[in-house]
Every structure is written in structure tokens, then in C-alpha cells.
1. Looking for whichever is part of a loop (DSSP other than H, G, I, E, B) and surrounded by 10 or more Cβ atoms within 10 Å (Cβ to Cβ) here; the options are B:ASP263, B:ASP219. Which one fits?
2. Determine whether region A:71-87 contains at least one residue that is of a type in the set (A, V, I, L, M), closer than 30 Å to B:LYS317 by Cβ, open to solvent by less than 100 Å² (accessible area, probe 1.4 Å) and free of Cβ contacts under 8 Å to residues at least 24 places away in the same chain.
3. Condition first: at pLDDT below 85, within 14 Å of another protein chain (Cβ to nearest Cβ) and either assigned to a loop (DSSP other than H, G, I, E, B) or out of contact with any strand residue (DSSP E or B) (no Cβ under 9 Å at 6 or more places or on another chain) (or both). Can you find one or more residues in region B:303-316 that meet it?
4. Go through (1) surrounded by 10 or more Cβ atoms within 10 Å (Cβ to Cβ); (2) under 22 Å from A:ASP30 (Cβ atoms) and name the single condition B:VAL226 misses.
5. Cβ-Cβ below 9 Å, separation at least six or inter-chain, first residue in region B:266-291 and within 14 Å of another protein chain (Cβ to nearest Cβ), second modelled with pLDDT under 85 and assigned to a helix (DSSP H, G or I): which pairs?
6. For region A:27-41, check the following and say yes or no: at least one residue is within 14 Å of another protein chain (Cβ to nearest Cβ), open to solvent by 80 Å² or more (accessible area, probe 1.4 Å) and not polar (S, T, N, Q).
7. Before we move on, is A:VAL11 open to solvent by 50 Å² or more (accessible area, probe 1.4 Å) and more than 14 Å from chain B (Cβ to nearest Cβ)?
8. Suppose we filter B:ILE249, B:ILE255 for residues that are open to solvent by 80 Å² or more (accessible area, probe 1.4 Å), within 14 Å of chain A (Cβ to nearest Cβ), over 27 Å from A:ILE43 (Cβ atoms) and not in a helix (DSSP H, G or I); which single one remains?
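The values are calculated or read from the model by the stated rules, or taken from the named source; none is laboratory data. Since this is a predicted model, take the numbers as computed values, not measurements. When we count neighbours, we look across all protein chains shown, and the Cβ atoms used for this are built from the backbone with ideal geometry, even at glycine. SASA here: full protein model, heavy atoms, side chains in, ligands and nucleic acids out. Shrake-Rupley method; radii C 1.70, N 1.55, O 1.52, S 1.80 Å.
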Amino acid sequence: PCPRQVRSYYVDWRMLRDVKRRKMAYEYADERLRINAIRKNSILPKELQEVADEEIAALPRDSCPVRIRNRCVLTSRPRGVKRRWRLSRIVFRHFADHAQMSGVQRAMW
Amino acid sequence: LSKDKDKSAASKDSTPEGPAKRQEDRAETRKQQLLDIIGNMKVEVSYRKKLQQLKASENKKQAMDKLEGPDSEGSVPQGITEDTQRGKPLNPELVKAASAVASSLPRNKKQTESELLAQLRRHEETTDKQKKGGTINIRNVISEMTVKRQSPAQWGARISGRISLQLDEDGQRIRPERSSAQSMDSRSLKVGKRLNIFTKASTEPEHALKTVSSPTIWDLEFAKEVAAVTAQPPRNGFEEMIQWTKEGILWEYPIDNEVGMEDDAEFHEHIFLEKHLEGFPKEGPIRHFMELVICGLSKNPYLSVKQKVEHIEWFQKYFEEKKELLQEI
């Protein structure tokens, strides 16, 4: 019944892994924040901070937000992705030319 | 019609005087008059009211006459006797009108007359029932409908039969056993009609709720199926937007910035968080650290009070675990 493409799977495995990382990062976000607060401190004793360093390293690797890559939502392209639309430049151009992007117009000046 | 009225008035004046013999003549004249009136009726519809008035005025007098003398020929009294035989006597006005109409029609007089009278009887019955408070009939019908509604287990049994062949460990089909068992249960549960004379109508939904209290997986599946089938595609943009709003894709307008957040806490609970610091030592670097934490949390408008309290509690736990380490230092 839907006129557009129906996508029931993620585009590829890399996208799936990215999704997993995002989920894990969301779960461990609070803990990471607190442990980092202990680490980046000049008041607490250094031993405590070293212990905190070890603790944060012991957390699962996929829980850190640095590992998330803003891929294109439709094609899973890792580069050339505009943040506002979460689309790669090629897909963005395709939709914009077919007048399917609201408020987007070809620049001319 | 005014001429007819005058005639009837004149005839009425004459009737109470005459003996029973004159009844026939009167009846015939009445009939003729009625026929004329009805014949005129075919031309225009507005004469209906006048006809009714005429009937009312005529038949009052005629009822009086009938009481006096039962012997009279013609198709009119036959109709009356028929009615009385059936039990509930019809209004003589209507009887007269029916007979006149039947005589005016080209077909078999007596047949049409009997049919008309039967219809009138039915009408009378229904009106009487309604006067008595005949909503009971409707309620009976509705209660019947609820009784006929099958129990959810039966739906499940049906669907299971339709979708797949359910094999037990023995290799036998579960479905027929299920359906037979449930049909027995449904009959025993819902026995007879509810007259709703002594109980209030509110007891019905309770009854309905009891049957639905155990939704099995099959019920859910059936409900999903029904929803999928009945959900028609939106006819226009408005219906599409309604659907999206229900699903949560579209926000509700005018936009409320605090849709997900329900922070009932006052501002002082957000800012003055020192009361949560009771578990910590009063002096030392930890206290210093926690005061900084509290200062930061109080300035944070995005967290709820619960989340802030959770942060502080986590720190408390953490420092308690590390107490031994701290004591070495």
C-alpha cells in the first residue's frame, strides 16, 4: 500500500554495528559521565583518579560515543553526510531535484 | 369536501333518532362517503387530515350506534367480528377506513381488508408496547446479540484452524476439542435473556468485562487482524495527519514544549540539593568535590529531580566502595 520503497532491514552490516554502538552509548552514558567527572578533577586525590581511569577502560568498547559515525540514513555512506538531514550528499541531491525536500531550492544568485 | 362534510353532519343528526334498521343505510352512506373521500384522496394528499377528522367525527357516532344494535349486514361488521375474535379489538375508525379502502381497490375486497386489518393490528401492538415502555424489546435484542457473540477462545480456535494445522504432541488436532469445550462453556455461562427490570443497565458492561479479562495470544492476534483489515487508507490529507498524530509521527499543535516532561517538582528542589549530601563526610576533598557537583546540577535545567538525585546517590555508593583506598591515603 505504501508508494515508497519499504526497507525492512538495515542497509548493511556496518549500519547495524553503528546502531548497536549508539544503543550501548546511550545505556552507559550516565556512568561514563560520572567516572569522567572523577577523572577530570584537580581536587580529588590522584590515586582515586587512576582507579577511575582503569574503571572506564574496563567498560565495553562500544559504549563510548566516539565510536559512533554519522552515516547516511538511506545509503549508509560514512562520508559526505549532512547532519541536518542525516543524508549523504547524493541522496540529498536526488530528493531535492525531485522536489521532495521541503524548503530546499537550487541556489541561484 | 365541504359538501361532504355537510352531508355527513346532516346524516349524523339523523342517525341517533332512527332505529336499528337504518343502520344499514347509514353504513352504506357512510361507506359511500368514505369512498368518495378516498377517491378524492387519490387526487390530492392534503385531504388526509380532513379525512381523519371526518372519520373521527363519524365513527364516534357510529360506535354509539353499534353498541345499540349489533345486527347489520355488509362487509363492515364482518371485519369487526374478525378482529374481536383475534382478541385485541382494533379502533373502529381504522376498521372503517380499512374497509372503505379495500372496497375502493379493484382487487379481492375481503382479502385486502383482512390484510389491512392485520397490519393495523400489528401497528396497534407495537404502539401499545412502546407506551408500556417497550425499550425492553430493544434491550432483549441487544442482550441476545451479546449472547450470540462468541467467546474469545472460540475466535482463537477459528483462527488457529484457518492459519495452521495445530498438532498436539500426540499428533491430533487441537481445534475440534477446543471449540467443543468452549461452546459448552459459553452456553452454560450465558443463560437466558436479561429483562433489565430489577438490575441497572450498568451490570451489562461488567459482565462483558469478565469475559475479556484473560486475553490470550490468539485474542491479540485477532485484534491485530481486525485492526489491520478495518483500517482504511486515509481518504485525504486531514485523515493522514490524524493517523500520524495517533502514531506519534506528527506532533500535536499548538506545539507544547513540555510534552514528554512532567516535572512536578518546585524550583527549590532543583537548586537546594544540600540535603542529599548528608551521607558524605563534612570536611575533606570529597565534600569539596560533591559541593561542586551539586552546584553544577542545580544549574542544569534539562535533568529532572530524580535524575539529579540518582547522580548523587551513585557518587555516594562509589565513594563508599572506595573507602579503604581513601583511608590508605
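1. Answer to the check: B:ASP263.
2. Taking every residue of region A:71-87 in turn, none turns out to be of a type in the set (A, V, I, L, M), closer than 30 Å to B:LYS317 by Cβ, open to solvent by less than 100 Å² (accessible area, probe 1.4 Å) and free of Cβ contacts under 8 Å to residues at least 24 places away in the same chain.
3. The answer is no, given that none of the residues of region B:303-316 is at pLDDT below 85, within 14 Å of another protein chain (Cβ to nearest Cβ) and either assigned to a loop (DSSP other than H, G, I, E, B) or out of contact with any strand residue (DSSP E or B) (no Cβ under 9 Å at 6 or more places or on another chain) (or both).
4. (2)
5. From residues that are within 14 Å of another protein chain (Cβ to nearest Cβ), the pairs are B:GLY284/B:LEU326; B:ILE286/B:LEU326.
6. yes
7. Spelling it out, A:VAL11 is indeed open to solvent by 50 Å² or more (accessible area, probe 1.4 Å) and more than 14 Å from chain B (Cβ to nearest Cβ).
8. B:ILE249
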